Amino acid sequence: AQRVTQPEKLLSVFKGAPVELKCNYSYSGSPELFWYVQYSRQRLQLLLRHISRESIKGFTADLNKGETSFHLKKPFAQEEDSAMYYCALKGGGYQKVTFGTGTKLQVIP
Amino acid sequence: ETGVTQSPTHLIKTRGQQVTLRCSSQSGHNTVSWYQQALGQGPQFIFQYYREEENGRGNFPPRFSGLQFPNYSSELNVNALELDDSALYLCASSTGPKNSGANVLTFGAGSRLTVL
């Protein structure tokens, strides 16, 4: 079975402060991990995926297989980062993607 | 390039009724996945269609069924509606299994179903 845990429902930070959204997963094989984001009144969209090893909008995430984590980080939060963030995992032969319950990031001006 | 479109955007049904939700995949995508998102929860995988066949199913009863058409569009059908079926139903399309971008989902805006 595959499972994604996002322990924080809400994370509030001040503008300019560092951000870390936590994600832990459970999967016996080699997963592919993603972060999806949903801005207000917009549809769910991909933010980044671990295999791309890229920084998107200043966000990065490193897959730590030892700790089974894929935390999302940004050194300086911006107001436009306020959104709902979902960590997701793909495992298995077909494209079943399992999502966490999401963390709402609120950046305070 | 057109995105994923879903219809209807909102609908209200009563217990025991049946509902059909529709999805048109993004241009160039041949795989469609359906998700149920209850309030305050993340999307839950219902099933996926590839080449007009069900290609994987989550923990949903048989009264949840689907179809995929030759143009890759898809339908989600739910029979004998229950109050707990009230949720946002999301359709997501992606490229075929052997494509490098296969695991990236492009989502529609969703169909919000309310069961009274």
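Only residues that are surrounded by 14 or more Cβ atoms within 10 Å (Cβ to Cβ) and either more than 14 Å from chain B (Cβ to nearest Cβ) or in contact with a His (Cβ under 6 Å, 6 or more places away or on another chain) (or both): list them for the range A:1-14, please.
The answer is A:L11, A:V13.
Does the range B:50-70 contain at least one residue that is of a type outside the set (F, W, Y), under 29 Å from A:K9 (Cα atoms), crowded, with 21+ Cβ neighbours inside 10 Å and within 12 Å of chain A (Cβ to nearest Cβ)?
Taking every residue of the range B:50-70 in turn, none turns out to be of a type outside the set (F, W, Y), under 29 Å from A:K9 (Cα atoms), crowded, with 21+ Cβ neighbours inside 10 Å and within 12 Å of chain A (Cβ to nearest Cβ).
In the list B:Q48, B:Q37, which residue meets the criterion of being modelled with pLDDT of 95 or more and not aliphatic (A, V, I, L, M)?
One residue alone meets the criteria, B:Q37.
Report yes if some residue within the range B:92-115 is touching a helix residue (DSSP H, G or I) at 6+ places or on another chain (Cβ under 6 Å), more than 9 Å from chain A (Cβ to nearest Cβ) and over 17 Å from B:G3 (Cα atoms); otherwise report no.
Among the residues of the range B:92-115, at least one is touching a helix residue (DSSP H, G or I) at 6+ places or on another chain (Cβ under 6 Å), more than 9 Å from chain A (Cβ to nearest Cβ) and over 17 Å from B:G3 (Cα atoms), which makes the answer yes.
List the number of the failed condition for A:L46; all other conditions in (1) out of contact with any Phe, Trp or Tyr (no Cβ under 9 Å at 6 or more places or on another chain); (2) closer than 18 Å to B:N103 by Cβ hold.
(1)
Output yes when any residue across the range A:49-56 is in a loop (DSSP other than H, G, I, E, B), modelled with pLDDT of 95 or more, surrounded by fewer than 18 Cβ atoms within 10 Å (Cβ to Cβ) and more than 13 Å from chain B (Cβ to nearest Cβ), and no when none is.
no
Counting just the residues of the range A:37-48 that are more than 10 Å from chain B (Cβ to nearest Cβ) and under 13 Å from the mean Cα position of the chain (by Cα), which one comes out modelled with the lowest pLDDT?
Restricting to residues being more than 10 Å from chain B (Cβ to nearest Cβ) and under 13 Å from the mean Cα position of the chain (by Cα), the top hit is A:L48.
For the range B:79-93, state whether one or more residues are over 22 Å from A:Q38 (Cβ atoms) and of a type in the set (G, A, S).
yes
I'm trying to understand the selection: among the residues of the range A:24-36, which are more than 11 Å from chain B (Cβ to nearest Cβ) and either closer than 18 Å to A:T101 by Cβ or at pLDDT 95 or above (or both)?
Residues satisfying the conditions are A:N24, A:Y25, A:S26, A:Y27, A:W35.
Check whether at least one residue in the range B:12-30 is within 11 Å of chain A (Cβ to nearest Cβ), buried (at least 19 other Cβ atoms within 10 Å of the Cβ), on the phi < 0 side of the Ramachandran plot and not hydrophobic (A, V, I, L, M, F, W, C), and report yes or no.
Looking through the range B:12-30, none of the residues is within 11 Å of chain A (Cβ to nearest Cβ), buried (at least 19 other Cβ atoms within 10 Å of the Cβ), on the phi < 0 side of the Ramachandran plot and not hydrophobic (A, V, I, L, M, F, W, C).
Considering each residue of the range B:1-11, count those that are outside any loop (DSSP other than H, G, I, E, B) and either surrounded by fewer than 12 Cβ atoms within 10 Å (Cβ to Cβ) or of a type outside the set (A, V, I, L, M) (or both), and give that number.
Final tally of qualifying residues: 4.
Looking only at residues that are surrounded by 20 or more Cβ atoms within 10 Å (Cβ to Cβ) and either more than 8 Å from chain B (Cβ to nearest Cβ) or farther than 10 Å from A:V37 by Cα (or both) in the range A:92-106, which one is modelled with the lowest pLDDT?
A:Q95
The values are calculated or read from the model by the stated rules, or taken from the named source; none is laboratory data. Please read all numbers here as calculations on a predicted model, not as lab measurements. Backbone-built Cβ (ideal geometry, glycine too); neighbour counts: all protein chains shown.
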